[in-house]
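One structure below.
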Amino acid sequence: MSPVPAVPADPNAVHPMPGQPRVVQLKPLVTSELIEVGAYSYYDDPDDATAFETRNVLYHYGPEKLVIGKFCALGTGVRFLMNGANHRMDGPSTFPFPTMGGSWADHFDLLTGLPNRGDTVVGNDVWFGYGSMVLPGVRIGHGAVIGAGAVVACDVPDYGIVGGNPARLIRTRYDDETVARLLAVAWWDWPVELITRHIRTIMSGSVDALEAAAREGTS
């Protein structure tokens, strides 16, 4: 009897776990042209996870983008604050009077040209702990871990672990040489069939084994 072929998970299933509506894959869910999410990245929330775009991406008036890579795990309450959260700080008051309407709206030019840190970019295979927050324009490297409750105001290196408010680098998961090897392997870009054959290696194997699996994919 021939072995049953391994079947990859469906990247287009909004709810990948039967009976668990709190878990959603983001790529098939998001509709905004300003949000890009890679395959298999998911968000977990018992209170309507499908509302991620409006509840978890805040002050997103454009034109900057939120880019989230593949295979990212977002815990409950993760928030991305976008550049629209900025207020003027060069005068006596930070209050945005023109947004209140009336003749105050005639001064809307005072709200243009505010500081803009650009796109917020998250790499692949990033784990966000419960209630963490990412501020505008931050770039988070591949394989990073964001601790629960962390407020990320600065860039995070590949495979870095950060925590606290403001978030600080606690340590990196691997030394520089190993990080370079992992980035060269870039397992998240493998064909899904190759990933499916090597789930156990990706989750619990050595870097040597991961490199061997990558060579299999090119042979």
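The values are calculated or read from the model by the stated rules, or taken from the named source; none is laboratory data. Just so it is clear, the model here is predicted, and its values are computed rather than measured. Neighbour counts run over all protein chains shown; Cβ positions are idealised from the backbone, glycine included. Each accessible area value is taken on the protein alone, full model and side chains, heavy atoms only, with ligands, DNA and RNA left out. Shrake-Rupley method; radii C 1.70, N 1.55, O 1.52, S 1.80 Å.
A compact table of results
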read-out	value
Test: residue in segment 196-218 that is surrounded by 14 or more Cβ atoms within 10 Å (Cβ to Cβ), out of contact with any Pro (no Cβ under 7 Å at 6 or more places or on another chain) and of a type in the set (S, T, N, Q)	yes
Contacts under 7 angstrom Cβ, first residue in segment 110-125 being under 19 Å from ALA39 (Cβ atoms), partner among the polar types (S, T, N, Q) and surrounded by fewer than 14 Cβ atoms within 10 Å (Cβ to Cβ), 6 or more apart	none
Inter-residue pairs, beta-carbon under 6 Å, first open to solvent by less than 60 Å² (accessible area, probe 1.4 Å) and in segment 173-193, second basic (Lys, Arg), 6+ apart	TRP188/LYS70
Residue within segment 146-156 that is closer than 30 Å to GLU64 by Cβ, of a type outside the set (Val, Ile, Thr), in contact (Cβ under 8 Å) with a residue 24 or more places away in the chain and not in a helix (DSSP H, G or I) present	yes
Scan of segment 29-49 for residues that are touching an Asp or Glu at 6+ places or on another chain (Cβ under 9 Å) and either of a type outside the set (Gly, Ala, Ser) or without any contact (Cβ under 8 Å) to a residue 24 or more places away in the chain (or both), ordered by number	LEU29, VAL30, THR31, LEU34, ILE35
Selected residue (criterion: farthest from VAL192 (Cα to Cα)) from residues of segment 31-47 that are open to solvent by less than 20 Å² (accessible area, probe 1.4 Å) and not in a strand (DSSP E or B)	ASP45
Residue, modelled with the highest pLDDT, within segment 1-30, restricted to residues that are β-branched (Val, Ile, Thr) and open to solvent by 90 Å² or more (accessible area, probe 1.4 Å)	VAL7
Per-region count, segment 19-60, residues closer than 24 Å to ASN83 by Cβ and out of contact with any helix residue (DSSP H, G or I) (no Cβ under 8 Å at 6 or more places or on another chain)	13
VAL152 vs. criteria closer than 17 Å to VAL37 by Cβ, buried (at least 23 other Cβ atoms within 10 Å of the Cβ) and of a type outside the set (Ser, Thr, Tyr)	no
Test: residue in segment 60-68 that is at positive phi, in a loop (DSSP other than H, G, I, E, B) and surrounded by fewer than 17 Cβ atoms within 10 Å (Cβ to Cβ)	yes
Residues that are under 12 Å from PRO136 (Cα atoms) and either more than 19 Å from the chain's Cα centre (by Cα) or not aliphatic (A, V, I, L, M) (or both), drawn from segment 64-84	GLU64, LYS65, ARG79, PHE80, ASN83, GLY84
Given (1) open to solvent by less than 40 Å² (accessible area, probe 1.4 Å); (2) outside any loop (DSSP other than H, G, I, E, B); (3) β-branched (Val, Ile, Thr), index of the condition THR50 fails	(1)
